[in-house]
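Heads up: the structure comes next, in structure tokens.
The values are calculated or read from the model by the stated rules, or taken from the named source; none is laboratory data. Fair warning: this is a prediction, and the values are worked out from it, not measured in the lab. Cβ placement follows ideal geometry from the backbone for every residue including glycine, while neighbour counts extend to all protein chains displayed. We work out accessible area using only protein heavy atoms, side chains counted, and drop any ligands, DNA or RNA first. Shrake-Rupley method; radii C 1.70, N 1.55, O 1.52, S 1.80 Å.
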Amino acid sequence: MDSMRIMNSDQPILEVKDLSVSFHMYDEGLEQYDLQVISNLSIDVKPGEIVAIAGSSGSGKSLLAHAVMGLLPENASTTGTMLYKGKPLTEKDKEKLRGKEMALVPQSVAYLDPSMKIGSQVLGEKPDENRKKAQKKAFARFHLDEKTEHLYPFQLSGGMARRVLVSKAVISGAELIIADEPTPGLDLEMALEALRCFREMADEGKAIILITHDIDLAFNFADRVAVFYAGTTVEIAPSADFVKGPEALRHPYSKALWRALPQNGFRPIPGFQPYARALPKGCLFAPRCPHKTEECEQTIPMQELRGGTVRCIHAT
């Protein structure tokens with residue numbers, strides 16, 4: 001990583017502390033219940049920093065993005081604390097900041113309005129000349145022909161639509177960008193170009209949260225990596241630790257995730273991530289962990305360890 005990167009300020013742009021998200025649901029007998037899908041999840045990101053989020057499907061990565069942006073459905077309820085530039089981030093604040101100071105690169109290309117031409121969606125209302133120039137520059141960078149701005153979403157390939165969404169975030173001017181799986185559907189060259197673009201924005205002082213399954217690519221661009229499991233944070237560590245390998249990591253799941261990468265032997269572990277309605281007591285990874293003890297059935301807080309944080313009483 002570039003040694004000339006901007007130094008992070010001490011105050012994060014975004015702090016999420018002990019976030020829990022529940023959905024009010026009905027079962028087959030129309031009995032009501034609350035399904036908690038995120039529990040005690042914490043993460044922060046500073047100016048000039050990329051924090052990558054890794055974890056299997058269903059671990060809460062996209063839900064975090066939607067909670068921060070104020071895009072959860074009406075049957076959702078949240079607890080915990082969200083701070084933006086040190087101040088509480090209310091639902092009204094999210095609506096006010098969304099698309100201006102906070103931008104989302106959504107996972108689904110369905111977020112593009114099917115009734116609007118691409119140019120209008122990327123540029124927004126009453127764009128000035130600087131924004132128009134920025135749009136053309138972003139389109140050229142991501143190999144989008146100028147005529148793309150005159151097309152409708154249904155006329156784009158999946159990869160083109162993904163590049164349009166990235167371009168929209170690039171020219172937004174937002175200080176906080178959450179990129180939710182921005183690289184699927186892109187070839188390797190375009191995926192790397194998108195990540196380079198996020199790195200450049202971070203180096204200019206933006207704060208980037210990069211949600212990705214392509215963690216082997218993210219290691220080369222992120223400053224820190226947060227590992228999610230079953231709706232909570234289990235480890236946050238410098239990306240360099242993930243490059244070094246399991247001996248530098250702290251949580252058993254982080255180590256298993258590293259070993260499961262194709263270049264590291266593609267070694268899976270027994271068991272599966274628990275369903276939100278049947279979570280174990282204490283450590284959520286305990287049923288799959290070779291180091292499990294009775295102590296693991298208690299509430300496990302995040303603790304600082306070797307320059308990172310981890311949710312494990314056996315971590316060394």
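Report the percentage of all Cα-Cα pairs in the chain whose separation exceeds 35 Å, rounded to a whole percent.
22
Tally Lys and Arg at +1 and Asp and Glu at -1 over the other residues with C-beta under 12 Å from the C-beta of Ala194: what net charge comes out? Present the calculation step by step, with values, prior to reporting the outcome.
On the way: positive: Arg141, Arg162, Arg163, Arg196, Arg199; negative: Glu181, Asp187, Glu189, Glu193, Glu200, Asp214.
Around Ala194, the surrounding residues sum to -1.
For the chain, what is the mean residue ellipticity at 222 nm derived from helices alone (per DSSP H run of n ≥ 4: -39500 (n - 2.57); sum divided by total residues; nearest 500 deg cm²/dmol)?
So the calculated ellipticity at 222 nm is -7500 deg cm²/dmol.
Longer than 30 Å from Cα to Cα, which of Lys126/Lys206; Lys100/Lys244; Lys46/Lys92; Lys61/Lys281; Lys61/Lys96; Lys87/Lys244 are they? Say none if no pair is.
Lys100/Lys244; Lys87/Lys244
Explain nothing, just the number: dipole magnitude of the chain about its Cα centre with +1 on each Lys and Arg Cβ and -1 on each Asp and Glu Cβ, in debye rounded to the nearest 20.
That gives the chain a dipole magnitude of about 500 debye.
Along the positive direction of the dipole of the range 185-238 (beta-carbon charges: Lys, Arg +1; Asp, Glu -1; about the Cα centre), which of Phe198, Thr233, Ile211 reaches farthest?
Thr233
Pull out the extension gain between Ile269 and Lys117, defined as 0.36 nm times the separation in residues minus the alpha carbon to alpha carbon distance; nm, one decimal.
Details: separation 152, 0.36 × 152 = 54.72 nm, distance 4.63 nm.
Taking 0.36 nm per residue and subtracting the Cα distance, the gain is 50.1 nm.
Convert each backbone phi in the range 145-154 into a coupling constant with the Karplus relation 6.51 cos²θ - 1.76 cosθ + 1.60 (shift: θ = phi - 60°), then list the ³J(HN,Hα) values in order as whole Hz, x for Gly and Pro.
Values per residue, Gly and Pro as x: 4, 4, 5, 4, 5, 9, 8, 9, x, 5 Hz.
Can you work out the FRET efficiency for the pair Glu295 and Asp18, with r the C-beta to C-beta distance and R0 = 30 Å, to the nearest 0.05?
0.90
Would you tally the net charge around Ser59, using a Cβ to Cβ cut-off of less than 14 Å, leaving Ser59 out, and scoring K and R as +1, D and E as -1?
In short, 0.
What's the FRET efficiency of Leu279 with Ser108 using the Cβ-Cβ distance as r and R₀ = 25 Å, to the nearest 0.05?
0.40
Roughly speaking, what is the stretch gain from Glu146 to Gln32, that is 0.36 nm per residue apart minus the C-alpha to C-alpha distance, in nm to one decimal?
Values: separation 114, 0.36 × 114 = 41.04 nm, distance 5.16 nm.
Once the chain is fully extended between Glu146 and Gln32, it gains 35.9 nm.
Work through the residues other than Pro262 whose Cβ is under 14 Å from its Cβ and net out their charges, Lys, Arg +1 and Asp, Glu -1.
0
Past the 27 angstrom mark, what percentage of all C-alpha to C-alpha distances in the range 1-136 do you count?
Result: 36 percent of Cα pairs exceed 27 Å.
Starting at 0 and stepping by 10 Å, how many percent of the alpha carbon pairs of the range 184-283 end up in each bin?
13, 41, 34, 11, 1
Among DSSP beta bridges lying fully in the chain, give the percent that are antiparallel, nearest 5.
60
Compute the accessible area per residue over the range 50-137, keeping the other protein chains in place, probe 1.4 Å, unit Å².
On a per-residue basis, the range 50-137 sits at 56 Å².
Mind checking which lysines have their C-alpha under 17 Å from Lys133, skipping anything on the same chain fewer than 8 residues away?
Leaving aside lysines fewer than 8 places away in the same chain, those within reach of Lys133 are Lys147, Lys168.
Subtracting the Cα-Cα distance from 0.36 nm times the residue separation, let me have the gained length for Asn130 to Asp93 in nm, one decimal.
Separation in residues times 0.36 nm, less the Cα-Cα distance, equals 10.7 nm.
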